[in-house]
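The values are calculated or read from the model by the stated rules, or taken from the named source; none is laboratory data. All of these numbers come straight from a predicted model, not from anything done at the bench. A quick note on method: Cβ atoms are made from the backbone with ideal geometry, for glycine too, and the neighbour counts reach across all protein chains shown.
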Amino acid sequence: MLNDPVLLNDWHVVAYAPDLQEGKPMAVRLLDEDLVLWRVGERIHAWRDLCIHRGAKLSLGKVQNQTLRCPYHGWTYNEEGQCIRFPAHPEQKPPARACAKVYQARERYNWIWVSPGNPAHDVPAFPQWDDADFRKIHCGPYKFNASGPRAVENFLDVTHFPFVHQGFLGDPAYPEISDYTAEIGEDGVTAKDITIWQPDPDGSGQGAWTTYTYKVIRPLTAYFVKSSEGPRFAMYFTATPVSECETIAWTYVAMDYGDTPEEQIREFEDAITWQDVPVVESQRPELLPLDLQAELHLRSDRTAVAYRKWLRQLGLTFGTA
Ligand code: FES
Ligand code: CO
């Protein structure tokens, strides 16, 4: 695992919670490290995927009686990560140092979040999650062979809509972006009053000027709320850094109107993301440059400029240059 204290001491989504079934360990990867997830009822465990005996992957093992048993020689670990049994020597009490590397794990928004370090904060907020006016539709996850910060910056960028998402989110005949503000505060970046023409912002079939508000609340977690007249549509986006240039984006759409079937909303978001992926994967340098002189910026790039400045203030190194 690379040594980036900002991301080590943060929360990252590693799985969709319903996919982690009782009795079945799951292998995931985060920050260049293999992890095993397993659950006992509501309790989720996230450990380094490595048996300290001979280094076999614990995710190939078995969950039974609230323990995880290594596939190789059967060393058996309790829920705290302590080895409690060497099958070859049942009379021998395993020493305290015979234990797995245990990380913090939480289930929130139907996702499993893991922190390899000691975060000073909780899992990032998702304001629409507890608001019953909003339907929440899980979309993705989406794999980008790109750095986490590049993927997040693409999520924050509306000026590509008329070109990458022509007919979906923008119209090349109306590529102008209103002037807007982007500010760095204690909890991240807020960009407000970003107005753009959209061919069909709310599913009514009518084109309209649409206003976006973006909030970046963690280095790799952001959401937007957009409104034309009345209906509100939000999207929550959190990017998991698998390695420096491999990212998995986990998203929810939240909307307070309409009864479009979830499957149709997912298909739309899938189509949008597959338009983004090749462009984001093509960006060079692959690591997001935090030196503002390294690329050119326009007034309409304020959100990205504020994002880069904030990452620099935080001292993020993983995925940036
Ligand atoms: Fe796990 Fe030997 S490698 S028990
Ligand atoms: Co896009």
Of the residues in region 140-157 that are within 13 Å of ligand 2 (Cβ to nearest atom) and under 12 Å from the mean Cα position of the chain (by Cα), the one that is nearest to A234 (Cα to Cα) is F155
Among V216, V189, V158, which is the only one that is in a loop (DSSP other than H, G, I, E, B), buried (at least 22 other Cβ atoms within 10 Å of the Cβ), in contact (Cβ under 8 Å) with a residue 24 or more places away in the chain and at negative phi?
-> V158
Region 1-83: strands (runs of 3 or more DSSP E) wholly inside it with 3 or more residues that are farther than 28 Å from Y236 by Cβ and either without any contact (Cβ under 8 Å) to a residue 60 or more places away in the chain or of a type outside the set (A, V, I, L, M, F, W, C) (or both) are 62-64, 67-69
For the subset of region 288-313 comprising residues that are surrounded by fewer than 16 Cβ atoms within 10 Å (Cβ to Cβ) and hydrophobic (A, V, I, L, M, F, W, C), which member is nearest to I177 (Cα to Cα)?
-> L298
Return the only residue of V63, V14 being among the β-branched types (V, I, T), modelled with pLDDT of 95 or more, away from ligand 2 (no atom under 16 Å from the Cβ) and farther than 15 Å from W111 by Cα.
-> V63
